[in-house]
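The values are calculated or read from the model by the stated rules, or taken from the named source; none is laboratory data. This structure is a prediction, so every number in the text was calculated from the model and none was measured. As a convention, Cβ positions derive from the backbone with ideal geometry for all residues, glycine included, and neighbour counts pool all protein chains shown.
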Amino acid sequence: MYTTALGIKSRTVKISATGGGPKSDRLKKWFRLFVGFACIWAFMFVLIPSFDDLPVVKPLIDFIEERDMNATALFYSDAEETAEAQNYLINSKRFRP
């Protein structure tokens with residue numbers, strides 16, 4: 001790593017007390033990557049699904065499942081902007097210059 005201070009270049013050398021080299025740095029990076037993936041997996045498949053049993057959320061989920069509704073589709077199709085965008089895309093395909 002090089003640093004510049006007032007136009008003078010100096011070299012900074014990292015010295016490790018444990019004697020780790022590039023191989024141990026690579027293993028640390030892979031370990032951090034796998035820990036990150038594990039955290040994302042736990043968030044998606046353990047933490048978020050546990051919210052389904054909360055007393056505030058459970059009646060809403062039961063209501064949606066009883067009526068066989070696709071809640072995500074309703075969110076995107078009810079907006080006026082979405083309808084305008086859909087009409088624009090349809091008309092741009094239909095009436096090409």
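Could you say whether any residue in the range 27-50 is at pLDDT below 90 and among the charged types (D, E, K, R)? No, that holds for no residue.
The single condition among (1) part of a helix (DSSP H, G or I); (2) at pLDDT below 90; (3) among the aliphatic types (A, V, I, L, M) that ILE15 does not meet is (1).
For ASP53, the test of being surrounded by fewer than 10 Cβ atoms within 10 Å (Cβ to Cβ), of a type outside the set (Lys, Arg), at positive phi and modelled with pLDDT of 80 or more is failed. Considering only residues of the range 56-83 that are surrounded by fewer than 10 Cβ atoms within 10 Å (Cβ to Cβ) and of a type in the set (D, E, K, R), which is modelled with the lowest pLDDT? That would be ASP78.
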